[in-house]
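J.: My questions will all concern the structure given below.
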Amino acid sequence: MALHIRRVLVTGGAGFIGSAFVRQRLKSDQEIAITVLDKLTYAGSEENLAELRDDRRLRFVKGDICDPSTVDELAKDVDAIVNFAAESHVDRSLLDPGAFVQTDVYGTYVLLEAARKHRHQRFLQVSTDEVYGYVKDGRSKESDGLAPRSPYSATKAGGEMLVQAYHASFGLPTLITRGANTYGPYQFPEKIIPLFITNALQNLPLPIYGNGSAVRDYLHVDDHVSGIARILWKGEPGGAYNIATGTEVSGVEVADTILKLCQKPSSLKHFVKDRPGHDYRYALDTRKLRPLGWEPALRFADGLRVTVEWYKRNEAWWRTRKSEDFWQYYRANYKGLPANAVPD
Ligand code: NAD
Ligand code: TYD
């Protein structure tokens, strides 16, 4: 049967990557209609979709992917689900794993049941490179085993296992994407890049875990979501696809580059107690994805420059998110911070 995906349920579409996917799809595909289902946790906001407020092809519903009746009601009118909804921050998963089990595993099950019942054409699960665990040498291939080491990556791996099971047991046409560390506009200021940019702009110390040598492959959000779209329309059901740039950048390099772009002194770098179970390296092999016609458009240096510009221009957006609740989380998470690490 030819693929005819016109109506898509985007769960978690008010978050960082989900909202970028919605913006990009509505811009590049005139025939698509998107329903966003989002619980609006601390990480999600309708503000992230504000520029689409008058677009009649977009419908927003506030609700939980763990609620079967809400999900069923929306799933009956769409051709596919793209699931971005998740608790997504490793450090928070170390403080409160329960919320991760609920959304990232149980929530995925609720969505899979609805996709199966309504015979959807595709179910795409947005997963992460973190499911492979700490990769000392070489690059992870899609056929490698999963070895998650944090409650976050374990629950993402659990969600993936259910997706694979629904493909094998029920023939659901599923896809899994394993994206690298993503950065860009509208990212909640808890992940390294937006935290370091906004701390630098506030003249606050940049907390670097351990000696700052852990590396990540930083992928601009526009490149990540164009990869997801490629895989949704061109990927082989039942498969998983890595999405990454192939470059490796350490924590110290991230801090140095941001301080330079913000014209702030290197003395703002502050080394703190290491994250427990820190995965010191992720690295993906993307040879399976390339033949679908995807490649990253933005180099890290350019992507970071435009991202810093965005945070400079959108101070009200990130200041609202650095609320009292945020600083409470911050104090609980970081050990060994100097007295001047949080605002008065
Ligand atoms: P995010 O935390 O910014 O957004 C998550 C969104 O999901 C928020 O809008 C939140 O309100 C919503 N949500 C949470 N629980 C929900 C629930 N129970 N029901 C409905 N909505 C709920 O996360 P993000 O960085 O945009 O990540 C999106 C997806 O991409 C996640 O699945 C994450 O695991 C994956 N991913 C993220 C990265 C990264 O670097 N940020 C990299 C690879 C993969
Ligand atoms: P993060 O953005 O939390 O993503 P990941 O899910 O990959 O852990 O962290 C990226 C890297 O940056 C990781 O090696 C941990 C490091 N890091 C710091 O050094 N300081 C910080 O405050 C944060 C949030 C991360």
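The values are calculated or read from the model by the stated rules, or taken from the named source; none is laboratory data. Because the structure is predicted, anything quoted here is derived from the model rather than measured. Neighbour counts run over all protein chains shown; Cβ positions are idealised from the backbone, glycine included. Protein only, heavy atoms only, side chains kept; ligands, DNA and RNA dropped before computing areas. Shrake-Rupley method; radii C 1.70, N 1.55, O 1.52, S 1.80 Å.
J.: Can you check how the C-alpha radius of gyration of the chain compares to 2.2 N^0.38 Å, as a plain ratio?
T.: Rg over 2.2 N^0.38 Å, computed on Cα atoms: 0.96.
J.: Counting pairs of alpha carbon atoms under 8 Å apart in space and at least six apart in sequence, what relative contact order in percent does the chain give?
T.: Relative contact order for the chain comes out at 17 percent.
J.: Taking 8 Å as the Cα distance limit and 6 or more residues as the minimum spacing, I'd like the relative contact order of the range 114-273 as a percentage.
T.: 27
J.: In the range 1-105, with Lys and Arg counted as +1 and Asp and Glu as -1 at Cβ, which of these residues, 13, 69, 44, has the Cα nearest the positive end of the dipole, that is, farthest along it?
T.: Value computed over the given set: 13.
J.: Can you give the FRET efficiency to the nearest 0.05 for residue 143 and residue 3, using r as the Cβ-Cβ distance and R₀ = 25 Å?
T.: Approximately 0.50, to the nearest 0.05.
J.: Quick check for you: with a 1.4 Å probe and neighbouring chains kept, what is the accessible area per residue of the range 230-344, in Å²?
T.: Each residue of the range 230-344 exposes 53 Å² on average to a 1.4 Å probe.
J.: Next up: Name the trypsin sites (Lys or Arg not before Pro) in the range 271-344 that are in a loop by DSSP and that have at most 15 other C-beta atoms within 10 Å, would you?
T.: Filter output for the range 271-344: 273, 287, 299, 335.
J.: Under a straight-distance cross-link criterion of Cα-Cα below 17 Å, which aspartates and glutamates are reachable from residue 39, leaving out those fewer than 8 residues away in the same chain?
T.: Straight-distance partners of residue 39: 47, 64, 67, 72, 73, 87, 104.
J.: Still on this structure, please answer the following. Might you report the magnitude of the Cβ-based charge dipole of the range 61-158 about its Cα centre, with Lys and Arg at +1 and Asp and Glu at -1, to the nearest 20 debye?
T.: 280
J.: Then there's this: Could you work out the relative contact order of the range 58-122? I mean the mean sequence separation of Cα pairs under 8 Å and 6+ apart, divided by the number of residues, in percent.
T.: Worked out over the range 58-122, it gives 49 percent.
J.: Here's something else I'd like to know. On the principal axes of its Cα set, how long, how wide and how thick is the range 232-282? Give whole Å, largest value first.
T.: 50, 29, 15
J.: For the pair residue 56 and residue 118, what calculated FRET efficiency results from E = 1/(1 + (r/R0)^6), where r is the Cβ-Cβ distance and R0 = 30 Å, to the nearest 0.05?
T.: 0.80
J.: Helices from the chain with mean Kyte-Doolittle at least -0.5 and a Cα length along the axis of 20 Å or more, per DSSP H: which?
T.: Taking the DSSP H segments of the chain (at least 20 Å long, mean hydropathy at least -0.5), we get 151-170.
J.: So, one more: Among the trypsin sites (Lys or Arg not before Pro) within the range 94-151, which fall in a DSSP loop and have no more than 13 other Cβ atoms within 10 Å of their own Cβ?
T.: Loop-located and lightly packed - 119, 136.
J.: In straight Cα distance, which aspartates and glutamates are under 12 Å from residue 76, not counting same-chain residues fewer than 8 positions off?
T.: Straight-distance partners of residue 76: 113.
J.: Further question on the same structure: For the residue pair residue 340 and residue 96, what label-to-label distance in nm results when each label sits 7 Å from Cα along the Cα-to-beta-carbon direction?
T.: 3.2
J.: Need one number: nm distance between label points at residue 328 and residue 165, each 7 Å from Cα along Cα→Cβ, rounded to one decimal.
T.: Going by the 7 Å Cα→Cβ label model, 3.5 nm.
J.: Using modelled backbone amide H atoms (1.01 Å from N, in-plane), which distant-in-sequence or interchain residues come within less than 5 Å of residue 209's amide H?
T.: Hits under the 5 Å cutoff: 272.
J.: What share of Cα pairs, in percent, lie more than 18 angstrom apart in the range 1-126?
T.: Above the 18 Å cut-off, the range 1-126 has 50 percent of its Cα pairs.
J.: Let me ask something else. So, R0 is 22 Å and r is the distance between the beta-carbons of residue 280 and residue 40; what FRET efficiency does that work out to, to 0.05?
T.: According to the calculation, E is roughly 0.05.
J.: Run lengths n ≥ 4 of DSSP H only: what is the helix-derived mean residue ellipticity at 222 nm for the chain, with -39500 (n - 2.57) per run over all residues, to the nearest 500?
T.: -11000 deg cm²/dmol
J.: Tell me which lysines have Cα within less than 25 Å of residue 288's Cα, excluding those fewer than 8 residues away on the same chain?
T.: 136, 141, 156, 234
J.: I'd like the projected area of the range 212-322, averaged over all directions, using the convex hull of its alpha carbons. Report it in nm² with one decimal.
T.: Computed as one quarter of the Cα hull surface, the answer is 9.2 nm².
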